[in-house]
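Peer 1: The structure that follows is given in the form of structure tokens.
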Amino acid sequence: MAIHQRNDWYDLTRATNWTPSYVTEDELFPDEMSGSMGIPMESWEVYDEPYKTTFPEYVKVQREKDAGAYSVKAALERAKIIEKSDPGWVTILKQHYGAIALGEYAAVTGEARMSRFSKAPGNRNMAMFGMLDETRHGQIQLYFPHEYCKTDRQFDWAWKAYHQNDWASIAAKHFFDDIITGRDAISVAIMLTFGFETGFTNMQFLGLAADAADAGDYTFANLISSIQTDESRHAQQGGPALEILIANGKKEEAQLKVDMAVWRAWRLFAILTGPAMDYYTPLEHRGNSFKEFMHEWIVGQFERSLIDLGLDKPWYWDTFMEELDSTHHGYHLGVWYWRPTIWWNPAAGVTPDERAWLEEKYPGWNARWGQCWDVITENLIADKEELTLPETLPLVCNMNQLPIVGTPGEEHWDIKVHTIEKDGRLFHFSNEVDKWVFEQDPQRYEQHMSIVDRFLNGDIQPMNLQGALEYMGMEGVAELGKDAHGYAWIEKVKANMKKAS
Amino acid sequence: MAFDLEQKPLRTWSHLAKNRRKPSEYDIVSKNLHYSMNNADAPWEQAPNSPMNMWYKKYRNETPLKHEDWDVFSDPDKLVYRTYNLLQDGQENHVQSLFDQFNEREHDKMLEADWVLALAQLYTPLRYVFHALQMSSTYVMQMAPASTISNCATFQAADLLRCVTHTAYRTFELSTTYPDMGFGVAERGVWEDAAHFQPMRELIEKQLASYDWSEAVVSLCYVVLPMLAEGVLKPLSEASRQGNDTLMPMLIDSQLHDSQRHQRWATELHKVLLADNESNEAVVQQIVDKWVPLADAAMDAYISAIPNSPVSANDAIAAAEKVRRDITGAA
């Protein structure tokens, strides 16, 4: 045999720990960057990544993947997806690229954190491939939407969103900086790769890919499913790190990080992916509901991987299950109502047929969120658009940075603000879990100012909605979010009313 | 800026729209991506006094190298992810083909006995060196003040993993022909204890533990990487010819393509530093002066252990100095 099999020499690529003597182990791996919880280097050497690859295999496979993704894009450039798609689909593209592209690029830094500071040599090498993967995801998700800039000013936010203080930008950064860029290596391995990438990226990249293919956007479907093949490889870095922590008596610490990351990921996905799947995707192209996708990808698969590792379900699992029915409906209502403050045009998604679908997927939807949409619908029919637009900022949570929502409806009204008062400052939380997350790490969270705190501090001038919009990075009217269909859906409501009468 | 009521779509990102020329793919996907540079008080969206914000404020924001607009830096090779893979897949096809064909012709059996010993002492332990420089490059990446600089460091780190991989492969292969020479088992001991590696290990450990970004990037790119190319790879390549090792020079040639690219971006970085702020020159010089003696000692010890080295330690030290002069544009 002329070429030796990978198995013969792979271990040597990760036999790279040595005992330093010109500096101490702590100087080489400062705890604030490595997060090794006092477990010495040699104990990390048993780290065994389940998915193995090597440099020559990586560059070959990735070159081929990119050749595929870019050639699909080139072949379909004349398909005029922006011009020909339903505006609800176009808004998903704007929301996705703005919320994801620079977050993926920031993940290069998180992977680099592991690649430099993990005491596990296998983790350091896999994170090197992770750095390359995330470079890919940042670059390709800037390159693909770039050609859409000329169609619509909101596509500029694919590059721009993370550079702004838009409330949605703040929420995305607050989450990703908490699990990716702002953490030590082992926390990144647990919170980013295990807590987030194992389950939630499936939601965005596979769930949405199914809807994209159905909507005829093969470029996007192909792109994000290709990205997910990388995610599913580098997501496997967290498992072996967790095994080492558990074997060294750190189960409680590991569990805490998992619980915090999963809850935080849930909140962000409830506002990002929830409305995209259940309201923005045109009804005829919807596959599963958001809740069904969550059950498939998070509840089923993620729960199994937790148990397999010897971890427990997060303590708040029952609350989480309840929220699968409700939270994203409240978020959608809020996002649509505060639409001038975002860079995408939310589709209301409440024509009679869509409401019937929502009622089927979420029994009781009409009695809860439906009655709020009734008021909005009536105002629009009566030409009172101004009553459907905001004049103030919403109350936002000091943990997830998102508006605090509850479930409306006479029988269900459960809005309750959870607060902490500390040193004369009042902190507000969406529920007891967000409050709990906040309490786990006061040094990380306390001195952060939510957009409402900044407004009240006078950081936002003039102190009105226009001042807030400009503070959020809106430079002109074309960037402000509007109803995706220009209220055309009202005609369907009217037609239905006519039929009924 | 007044709120624009007649806002029109742009042909590119708003931050590139002011440029006259059409943006390249490189510009579109590489420029101005580090949002952590926007708020000096809190680089990351956390409390300003969170541990990671404190680290970035101390080691990046307060670093002695200064620039008004770090984003003006561009990789002279304009590499993006997909062209990096094209480039390196081509290089790896070449290297894999070398490995394949030299194995077929039973290259390792033809090696001189002394050279086999030298490989165990001088070559196969280098995976620790390559890996340490891979680690160091990933630190430069995560702390760099511009995404364009970070990307150069990412590709550089990957190049060094490539060298780790070549070395691991050759280590195993040598162990099949010479099972009793310690290939694959003795390298850690050589790296930790053999006299000819200790000055290099001192340099590398201290460099890895230098967290200020200016110090990290200058010591790595101006001092340690030139040491690797001029004081390790080239002398090893030259010496290998005497031991009937015809594979090594071809392998190192391919690795030196990467070294040349590393030098090109360091040269561009230096230009960008000097164009903005004259005080940067003194900062660079001070860091170089601090690290060069350690690198020179490392080259001296390493080359002294190469049997009948055609390249003397003084030659290598002078060559590394020449690389630095090329980077800094000094006459």
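The values are calculated or read from the model by the stated rules, or taken from the named source; none is laboratory data. None of these values were measured; they are calculated from a predicted model. Glycine also receives a Cβ, built like all others from the backbone with ideal geometry; neighbour counts cover every protein chain displayed. Please note that ligands, DNA and RNA were not included when accessible areas were found on the heavy atoms of the full protein model with its side chains. Shrake-Rupley method; radii C 1.70, N 1.55, O 1.52, S 1.80 Å.
Peer 1: In whole Å, what is the distance between the alpha-carbon centres of the range A:432-501 and the range A:218-261?
Peer 2: Each part's Cα centre sits 31 Å from the other's.
Peer 1: Another question about this same structure. Within the range B:15-118, report the GluC sites (Glu not before Pro) that DSSP leaves as loop and that have at most 16 other Cβ atoms within 10 Å.
Peer 2: B:E62, B:E68, B:E106, B:E112
Peer 1: While we're looking at this one, here's another question. Give me the angle, in degrees from 0 to 90, between the Cα long axis of helix A:167-176 and the longest principal axis of the Cα atoms of chain A, rounded to the nearest 10.
Peer 2: Helix A:167-176 sits at roughly 20 degrees to that axis.
Peer 1: Okay, next question. For the range A:347-501, just the Cα atoms, rotate onto the principal axes and tell me the three extents in Å, largest first.
Peer 2: Sorted largest first, the three principal extents are 60, 38, 20 Å.
Peer 1: Please report the carbon-and-sulfur percent of the accessible area for the range A:55-500; probe 1.4 Å, protein heavy atoms only, DNA, RNA and ligands left out.
Peer 2: About 51 percent, which is the carbon plus sulfur part of the accessible surface.
Peer 1: Hey, how many Å between the Cα centroid of the range B:155-170 and the Cα centroid of the range A:263-322?
Peer 2: If you average the Cα positions of each part, the centres end up 39 Å apart.
Peer 1: Counting only other chains, what is the mean number of Cβ atoms within 10 angstrom of the Cβ of each residue in peptide A:65-78?
Peer 2: Mean shielding count: 1.
Peer 1: Which one, B:A118, B:A313, B:T63, is farthest towards the positive end of the dipole of chain B when Lys and Arg carry +1 and Asp and Glu -1 on their Cβ?
Peer 2: B:T63
Peer 1: Once Lys and Arg get +1 and Asp and Glu get -1 on their Cβ, which of B:T165, B:Q260, A:A171 lies farthest toward the positive end of the dipole of the protein assembly as shown?
Peer 2: Going by the Cα projections, it comes out as B:Q260.
Peer 1: Let me ask you something else. Keeping all protein chains in the complex and leaving out DNA, RNA and ligands, what accessible area do you get for B:D326 with a 1.4 Å probe, in Å² to the nearest 10?
Peer 2: Per-residue accessible area (B:D326): approximately 80 Å².
Peer 1: A follow-up question, please. Of A:L393, A:Q5, B:G90, which is farthest along the charge dipole of the protein assembly as shown in the positive direction, counting Lys and Arg as +1 and Asp and Glu as -1 at C-beta?
Peer 2: Going by the Cα projections, it comes out as B:G90.
Peer 1: Tell me, what does the Kirkwood hydrodynamic radius of the range A:1-128 come to in angstroms if you use every pair of distinct C-alpha atoms?
Peer 2: Its Kirkwood hydrodynamic radius stands at 18.6 Å.
Peer 1: Mind checking the mean number of beta-carbon atoms from other chains within 10 Å of the Cβ atoms in A:97-106?
Peer 2: Across the residues of A:97-106, the mean count of other-chain Cβ atoms within 10 Å is 2.
Peer 1: For a quick check of your reading of the filter: which trypsin sites (Lys or Arg not before Pro) in the range A:1-109 sit in a DSSP loop and have no more than 13 other Cβ atoms within 10 Å?
Peer 2: Qualifying residues, ordered by number: A:K80.
Peer 1: Under a point-charge model restricted to the Cβ atoms of Lys and Arg (+1) and Asp and Glu (-1), what is the dipole moment magnitude of the protein assembly as shown relative to its Cα centre, in debye to the nearest 20?
Peer 2: 1600 debye
Peer 1: Treating each Cα of the range B:113-223 as an identical point scatterer and ignoring solvent, apply the Debye formula and state log10 I(q)/I(0) at q = 0.09, 0.14, 0.22 Å⁻¹.
Peer 2: -0.28, -0.61, -1.11
Peer 1: Along its three principal axes, how long is the range A:214-305 when you only count alpha carbons? Whole Å, largest extent first please.
Peer 2: 51, 24, 19 Å, listed from the longest principal axis down.
Peer 1: Once you have the Kirkwood Rh of the range B:60-166 from its Cα pairs, apply Stokes-Einstein at 25 °C and 0.890 mPa s and quote D in µm²/s.
Peer 2: The Stokes-Einstein estimate is 148 µm²/s.
Peer 1: Here is a follow-up. Using the Cα gyration tensor of the range B:71-328, with a ≥ b ≥ c the square roots of its eigenvalues, what is the shape: rounded (a/c below 1.5), prolate (a/b larger than b/c) or oblate (neither)?
Peer 2: Prolate.
Peer 1: Using Cα centres only, tell me the gap between the range B:36-93 and the range A:158-201 in whole Å.
Peer 2: 17 Å
Peer 1: Would you please give the FRET efficiency between A:K494 and B:Q101, computed as 1/(1 + (r/R0)^6) with r the Cβ-Cβ distance and R0 = 56 Å, to the nearest 0.05?
Peer 2: 0.15
Peer 1: Straight-line reach only, C-alpha to C-alpha below 28 angstrom: list the lysines that B:K66 could link to, leaving out same-chain residues fewer than 8 apart.
Peer 2: The qualifying lysines are A:K160, A:K173, B:K18, B:K31, B:K57, B:K58, B:K78, B:K206, B:K271, B:K290, B:K322.
Peer 1: At 0.692 mPa s and 37 °C, plugging the Kirkwood radius over alpha-carbon pairs of the range A:55-500 into Stokes-Einstein gives what diffusion coefficient in µm²/s?
Peer 2: 146 µm²/s
Peer 1: Where does helix A:371-381 land angle-wise versus the long Cα axis of chain A, in degrees 0 to 90, nearest 10?
Peer 2: Orientation of helix A:371-381: about 50 degrees from the principal axis.
Peer 1: I've got another one for you. How far is helix A:251-275 tilted off the main Cα axis of chain A, in degrees rounded to 10, range 0 to 90?
Peer 2: Result, in degrees: 30.
Peer 1: Separate question: Would you mind giving the mean number of other chain beta-carbons within 10 Å of the Cβ of each residue in B:99-106, as a whole number?
Peer 2: Average neighbour count from other chains, rounded to a whole number: 2.
Peer 1: Follow-up. Ignoring ligands, DNA and RNA, how much accessible area is buried between chains A and B, both sides summed, with a 1.4 Å probe, to the nearest 100 Å²?
Peer 2: Buried area (both sides, nearest 100 Å²): 8500 Å².
Peer 1: Relative contact order (percent) for chain A, with alpha-carbon contacts under 8 angstrom and 6 or more residues of separation?
Peer 2: The normalised contact order for chain A reaches 16 percent.
Peer 1: Hey, what number do you get for the protein assembly as shown at 222 nm if only DSSP H runs of n ≥ 4 count, each worth -39500 (n - 2.57), divided across all residues, to the nearest 500?
Peer 2: Mean residue ellipticity at 222 nm (helix-derived): -17000 deg cm²/dmol.
Peer 1: To the nearest µm²/s, what D does Stokes-Einstein give for the range B:263-316 at 25 °C and 0.890 mPa s, using the Kirkwood radius over alpha carbon pairs as Rh?
Peer 2: 185 µm²/s
Peer 1: Could you give the nm distance between label points at A:V23 and B:N39, where each point is 7 Å from its Cα heading toward the beta carbon?
Peer 2: So the label points at A:V23 and B:N39 sit 3.0 nm apart.
Peer 1: Something else now. Mind putting a number on the dipole of chain B about its Cα centre? Charges go on the C-beta only, +1 for Lys and Arg and -1 for Asp and Glu, and I need it in Debye to the nearest 20.
Peer 2: The dipole of chain B has a size of about 920 debye.
Peer 1: Let me ask something additional. Jot down the per residue volume, in cubic angstrom and as a whole number, of the convex hull over the alpha-carbon atoms of the protein assembly as shown.
Peer 2: 163 Å³
Peer 1: Would you mind getting the accessible area per residue of the range A:248-323, heavy atoms of the protein chains only, 1.4 Å probe, in Å²?
Peer 2: I get 35 Å² per residue for this part.
Peer 1: When only DSSP loop residues count, what trypsin sites (Lys or Arg not before Pro) in the range B:219-316 have their Cβ near at most 10 other Cβ atoms within 10 Å?
Peer 2: Sparse-neighbourhood loop trypsin sites (Lys or Arg not before Pro): none present.
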